[in-house]
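First comes the structure, then the notes that go with it.
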Amino acid sequence: MTKGTITLFIVVLIIVILSLLISLIFLVIAKKKKKINNILQELEREKNDIISSALLNEFQKIEALNNSKIKKRVEQWHKSFNKLRDVSLPLITDQILEIESLIDSKKYKEVNVLLAKCELSLFHIKTERDNLLESIREITLSEERNRSAVTKLKSIYRNIINKYNQNKEDYKEIANIIELQFENIDKLFSAFERCIEESEFEEVSKIVKALDDLIKNIEIVVEEAPTVLFMDKVVIPKKMNDVKNTYSKMIKDGYFLGFMNIEYNLEEADKKLNDIYDRLKKLDIEDSVFELKTMLDYFESLFTDFDKEKICKKNYDNITKKLSEKITNLIKVVKNIYTEIEDIKSTYDLTKEEISLVDVLNDSLINVKEDFKLLSDRTKLKVTSYSKICKEFERIGVRLSTIENDLEETVKGLSSLKEDEVRAREQLVEIRNILRSSRDRMKSYNLPIVPKNYYVELKEAEYAMKIIMEELNKKPINIKVLNTRVDTGRDLALKLYNTSNELIKTAQMAELAIVYGNRYRSIQKEVEIGLISSEKEFFKGNYRNSLEIVLNALNIVEPGIHKKLIEAYEK
């Protein structure tokens, strides 16, 4: 490829690229222009919709009413409409024309700014239009809207009157007041019709609101007034009278009920009943049923409290009798302990804590006894309720139970000192018998030599028995030390007894094996050598070694001989 060809190729390529770029720019501009034109068309459509047929129709309706009371408002609406039509909309038209001019001049940057202003202006104008339309419709739709509301209210009102007439006897104390309210509602219905005819729409809304409030209130009154009257004049007064009679009788019977504030609460309840009735006569029944039910629940609960006091009074004599008996019994126990404590202290070595424990329990018992007496005296003064007194006595009962348990443990502990001494003396006799049995058994089997460890264990056991006897002869006896000595002595005695048995059993087995092996002495040289060695160990007192040697020798000629010898020994 020549240099001229390359240059030509590059020039053609540059031209193609430039053509593509120019085409792309034109496409972008065309697309942008189309988008702006669409926006302008939409703005134009929205501008033309500002003065809608709905708005014009509403103006025709309001002018047809020909009401002097709304004349000023109609004039104001006309001014707003004229401003909208003659000032605001032409401004939008001018802005649209200016945008089209800028498009033709290809000043797209300025176009975007002016478009935003135009859209904002159009939004404000539409808001003004909507507010104007809503204000007019408040009047033009007033009759239809309010008549619909009044129709519903009339239906509710008829049901209320029917219910009232069917149960008129239930309202006799406030019947005149309710019927007077019915008359007021009827007058409002008549006033509504008159205002509609005279197109006094502002008054109509006020009347509808008043009707709604009165009918809602009278509906509640007709619904709840019989319940309020029955509870206010019959149920609660009867319940109050029952409470008053029960209260008076219990006071005469010696009950203290001051904590219940019965008299004050009865006075307050009477005031509340009068207040509820006064409000009912004004047809103010809000929260009345709730208040009456609360009062009724309170008076019902009083009878539960009365019954509780009666039960506590019945339990009072039983509780005080049991506590008095328990206090007397515990005092006797403490006196008995004090009577024996000196002998116990001289006989047994007690710690300071063990001795002082009785004093602590005695002090606690004295405090309980004093509290019991104070509470009993206070009961006689009749200044405390039986329910509270019973709770106090229950607490005293708990304290007494604790003292009783501690005394029981103390008595057990003191009693165990004597028991431990008796047990130690019995154990001493048993240890002495074990030692005697061990010595007699050793004497019954004439061993050639008694091993040294037997005599060592015998000496230890005899010394332990001597120590036990010394502890028993001491005054006072230290039980803890004595128990330790007894346990040690018993263990050493049993150890000696086991050693004696094991020693004799081993010697007997060795002797039996040697006698059994003599039959092989002349037959088997190795057996003879084993027997001679076993006999030497036997007469040295090494009975276990002697048994092992003879068993190993016999096992050469008679495998399993050990099992046979054991069977023979047991037989």
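The values are calculated or read from the model by the stated rules, or taken from the named source; none is laboratory data. From a predicted model like this one, the values you see are computed outputs, not experimental measurements. As a convention, Cβ positions derive from the backbone with ideal geometry for all residues, glycine included, and neighbour counts pool all protein chains shown.
Within the bounds of the stretch 472-481, is there any residue that is within 15 Å of GLU426 (Cα to Cα), touching a Ser or Thr at 6+ places or on another chain (Cβ under 9 Å) and of a type outside the set (S, T, N, Q)?
yes
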Completion exercise
Sole miss for LYS209 among (1) assigned to a helix (DSSP H, G or I); (2) surrounded by 14 or more Cβ atoms within 10 Å (Cβ to Cβ); (3) not hydroxyl-bearing (Ser, Thr, Tyr) is condition (2)
Problem - Enumeration of residues in the stretch 520-531 that are without any contact (Cβ under 8 Å) to a residue 24 or more places away in the chain and loosely packed, with under 13 Cβ neighbours inside 10 Å - result: SER522, LYS525
Fill in the blank from the handout: Residue count, the stretch 370-420, condition in a helix (DSSP H, G or I), more than 24 Å from LEU482 (Cα to Cα), among the basic types (Lys, Arg) and modelled with pLDDT under 75, comes to 2
Practice task
Run down LYS505, LYS571, LYS525 and say which single residue is under 26 Å from LYS443 (Cα atoms), among the charged types (D, E, K, R) and modelled with pLDDT of 80 or more.
Solution key: LYS505
Handout entry: Subset of the stretch 277-319 (residues that are farther than 30 Å from ASP232 by Cβ and touching a Leu at 6+ places or on another chain (Cβ under 9 Å))
Key = none
Fill in the blank from the handout: Taking the stretch 337-363 and keeping only residues that are of a type in the set (S, T, N, Q) and either under 17 Å from VAL398 (Cβ atoms) or modelled with pLDDT of 75 or more (or both), one is left with ASN362
Exercise for the section: Could you give me the residue pairs with C-beta distances under 9 Å whose first residue belongs to the stretch 323-351 and is in the same structural domain as ASP363 (by TED's automatic domain parsing), whose second residue is at pLDDT 70 or above and aromatic (Phe, Trp, Tyr) wherever it lies, and which are 6+ apart or on separate chains? Expected result: LEU323/PHE372; LEU323/PHE393; SER324/PHE372; ILE327/PHE372
Problem - Check on LYS308, of a type in the set (D, E, K, R), within 32 Å of the chain's Cα centre (by Cα) and in a helix (DSSP H, G or I) - result: yes
Practice task
Could you check, for the stretch 227-234, whether at least one of its residues is assigned to a loop (DSSP other than H, G, I, E, B), charged (D, E, K, R), surrounded by fewer than 15 Cβ atoms within 10 Å (Cβ to Cβ) and assigned by TED's automatic domain parsing to the domain that holds LYS271?
Solution key: no
Exercise for the section: Kindly check whether there is at least one residue in the stretch 267-287 that is in the same structural domain as GLU179 (by TED's automatic domain parsing), of a type in the set (Asp, Glu) and over 30 Å from ASN167 (Cβ atoms). Expected result: yes
Fill in the blank from the handout: Of ASN261, ASN241, the only residue that is in the same structural domain as TYR157 (by TED's automatic domain parsing), at pLDDT 85 or above and polar (S, T, N, Q) is ASN241
